[in-house]
Ligand SMILES: *[C@@H]1O[C@H](CO)[C@@H](O)[C@H](O)[C@H]1NC(C)=O
Ligand SMILES: *[C@@H]1O[C@H](CO)[C@@H](O)[C@H](O)[C@H]1NC(C)=O
């Protein structure tokens, strides 16, 4: 090997990049020492982006009860018991459409609450006001919890964007939609009790659901609607909640839904992980100090976890600031500072993210960015993806590629920088959203305006250990939380 300035042919694309970086840096007189720790590209098998029909849930996931973890699975994947018929699984275009509806609902919730003082009181007791938007969406994750005595298992969608936990209840006075688990029957549980209309818990429903409670023979009646004609109305009640054999709560406040309708896709209801005092983290604060963590699996055929308390938080988790959103107290605010693509920090003025603000949400599928930030991300990504043929846009995703002629592809890494210097590398499966080999898209989208709140969505959270610490005001990110 004579000429050292020629890259040897056996170098991988990755090594080649480092090699080039060394040359460029030495030319410019900079040191590359720091950048060497970062990876600039991911080389992935195209087939690994496509859905698998088998659940590859591992032994660790089976042992969930031993370590106070709940198993997290995608609602529509093979690890979920909810949907066995292919026909009932929504297409990617439908999922993205529903995601847009959820995002609109979050945005309108935040915008509406802005002029709360001017808003006139609606008579929510009699009839639920129609609100646009479904907060539920379709790209959601479910966990199984136990309710009542004897305990009945229920698969619930977990949602950091809402507060009260509810499940459909017998006798379904008005109606129940189809669910996979048997519908919970309070009459068969020895630990069920109604909450009275005069209780503080009942009046707290106002802030948790956005609707005033009503009364039925002294029993407190809640109502929550998610637009899109999705709603749940029923008795606000107390019951024994069993998360794991070591995590059991008496008198847990929940909604026992007697009239339910919507896009819940076979789930028995919803587990509310928001920040309001009726949420699960608030109700269990004495034990868990408002700390919970989860890992969303990289694909629909694998399993993640949901854990409460800080018992098993990894040492390698880095914490950024959890901020409060004045207009939406239920939401978890985070401070995005910047974005890097292929190790290159995008030049986005600090005022862009500061102006929009941001939340992290378990139920939004695709991260939404201020248009100024998104266009910087898109143009850098497209620049580094020039070698691949582009494809038609997919719904809200405008940067798509046709990978049908490739078995592996090399894509730039993307990382998010949050306040306190926390840099979070996005998993390759969180960078691309595949609608088959011929249409694999950059999994980010833009808001309609720079002033609208950014949302760090669940595709980008895949495989990360995400730790919510509502008591000390921190959000932590660790890599390799699950596969
Ligand atoms: C709860 O209240 C409803 C409405 O008054 C009533 O039908 C039901 O029997 C009550 N359940 C219990 C356990 O008290
Ligand atoms: C946490 O931060 C340290 C120091 O910046 C970094 O070396 C480490 O990779 C980070 N860990 C994670 C999981 O991001």
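The values are calculated or read from the model by the stated rules, or taken from the named source; none is laboratory data. Only a predicted model underlies this, so the values are computations on that prediction, with no experimental measurement involved. With ideal geometry, Cβ positions are generated from the backbone for all residues, glycine too; neighbour counts draw on all protein chains shown.
For the reader, a short list of remarks on this structure follows.
- Residue list for the stretch 216-247, restricted to those being in contact (Cβ under 8 Å) with a residue 60 or more places away in the chain, assigned to a strand (DSSP E or B) and either within 16 Å of ligand 2 (Cβ to nearest atom) or surrounded by fewer than 18 Cβ atoms within 10 Å (Cβ to Cβ) (or both): 244
- Out of 392, 387, sole residue that is farther than 29 Å from residue 314 by Cβ and free of Cβ contacts under 8 Å to residues at least 12 places away in the same chain: 387
- Here 301, 314 are screened, and the one residue that is within 15 Å of ligand 2 (Cβ to nearest atom) and either part of a loop (DSSP other than H, G, I, E, B) or free of Cβ contacts under 8 Å to residues at least 60 places away in the same chain (or both) is 314.
- Exclusive hit being modelled with pLDDT under 75 and either surrounded by 12 or more Cβ atoms within 10 Å (Cβ to Cβ) or part of a helix (DSSP H, G or I) (or both), set 121, 81: 81
- Checking each residue in the stretch 435-467 for being assigned to a strand (DSSP E or B) and either at pLDDT below 95 or within 16 Å of ligand 2 (Cβ to nearest atom) (or both) picks out 456, 462, 465, 466, 467.
- Single condition residue 412 does not satisfy, out of (1) crowded, with 18+ Cβ neighbours inside 10 Å; (2) farther than 30 Å from residue 317 by Cβ: (2)
- Within the set 375, 415, the sole residue that is at pLDDT 95 or above, assigned to a strand (DSSP E or B) and away from ligand 1 (no atom under 16 Å from the Cβ) turns out to be 415.
- Extreme residue, modelled with the lowest pLDDT, among residues of the stretch 279-298 that are in a loop (DSSP other than H, G, I, E, B) and buried (at least 24 other Cβ atoms within 10 Å of the Cβ): 297
- The stretch 468-483, residues that are within 13 Å of ligand 2 (Cβ to nearest atom), over 25 Å from residue 111 (Cα atoms) and not in a loop (DSSP other than H, G, I, E, B): 476, 477, 478
- The set of residues from the stretch 192-214 being assigned to a strand (DSSP E or B), surrounded by fewer than 17 Cβ atoms within 10 Å (Cβ to Cβ) and in contact (Cβ under 8 Å) with a residue 40 or more places away in the chain comprises just one member, 193.
- Some residue of the stretch 340-348 being under 15 Å from residue 477 (Cβ atoms), within 16 Å of ligand 2 (Cβ to nearest atom) and either outside any strand (DSSP E or B) or over 18 Å from the mean Cα position of the chain (by Cα) (or both): yes
- Against the conditions (1) surrounded by fewer than 23 Cβ atoms within 10 Å (Cβ to Cβ); (2) in a loop (DSSP other than H, G, I, E, B), residue 267 satisfies every one except (1).
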